[in-house]
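Below is one structure, written out as structure tokens; the observations come after it.
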Amino acid sequence: MGSLRRVRVAAFDLGSNSFHLIVAEVRAEGSFEPIITEKEMLRLGDLVGRHGRIPDEAIVLVRTGWERFWLDRARYLGSDTPGDASHLHFPGVGEAAATWLTTARRLRAIGIDTASIDHGPSRDFRAHRTLANANVPIFENLRGLDGLPPKGAVFLGLPMKIGGGSGGPLRAVALLP
């Protein structure tokens with residue numbers, strides 16, 4: 001991956017802080033592999049076919065259903081051993097999908113209801129790197145996506161601006177149509 005100048009959290013301009021929201025339903029029933037791959041992009045294409053083109057400057061939230069494990073650390077992360085990243089297991093976005101979303105669509109940001117945009121066993125974090133190189137912010141550990149429609153909601157993102165930080169807490173709010 002090329003080294004591009006990446007926007008830091010404190011400098012990230014959310015403009016009006018409100019953007020069209022698209023919720024992509026990609027259920028992960030026990031899968032720990034990247035669930036949004038080229039095959040899954042066809043499912044995302046089906047979403048677009050039913051609900052219209054993903055608009056430029058939209059925020060795409062990936063609803064895997066994994067948030068149902070939030071209260072059970074071992075199931076949510078794959079391990080409940082503090083500091084042990086060698087046994088992480090949860091679904092995530094594949095590199096091909098991240099590339100498609102950053103080239104075929106001009107995303108404002110992407111979010112997911114798992115601990116990382118990359119699947120748990122990832123060691124090279126290709127989705128993270130692809131999205132970061134395109135200056136697409138990533139929102140992780142989102143909850144409440146089941147209550148959102150596929151299209152029509154408005155996203156409000158309120159990040160804690162941490163000087164020099166590459167990430168930080170975010171208050172994510174959706175206004176329903």
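The values are calculated or read from the model by the stated rules, or taken from the named source; none is laboratory data. These numbers were taken from a predicted model, which means no experiment stands behind them. Cβ sites come from the backbone with ideal geometry, for glycine too, and all protein chains shown count toward neighbours.
Return yes or no: is residue 106 part of a loop (DSSP other than H, G, I, E, B), basic (Lys, Arg) and touching a residue at least 12 places away in the same chain (Cβ under 8 Å)?
yes
Looking across 164, 144, one residue alone is small (Gly, Ala, Ser) and closer than 12 Å to residue 62 by Cα. It is 144. Per the listing 47, 21, the residue uniquely modelled with pLDDT of 65 or more and not basic (Lys, Arg) is 21. Of all the criteria given as (1) in a loop (DSSP other than H, G, I, E, B); (2) more than 16 Å from residue 59 (Cβ to Cβ); (3) free of Cβ contacts under 8 Å to residues at least 40 places away in the same chain, the one not satisfied by residue 99 is (1). Determine, yes or no, whether residue 79 is small (Gly, Ala, Ser), farther than 16 Å from residue 143 by Cα and loosely packed, with under 13 Cβ neighbours inside 10 Å. For residue 79, the condition - small (Gly, Ala, Ser), farther than 16 Å from residue 143 by Cα and loosely packed, with under 13 Cβ neighbours inside 10 Å - is not met. Take the conditions (1) in contact (Cβ under 8 Å) with a residue 24 or more places away in the chain; (2) under 23 Å from residue 169 (Cβ atoms); residue 126 misses just one of them, which is (2). Counting the residues of segment 94-106 that are of a type in the set (A, V, I, L, M) and surrounded by fewer than 23 Cβ atoms within 10 Å (Cβ to Cβ) gives 2.
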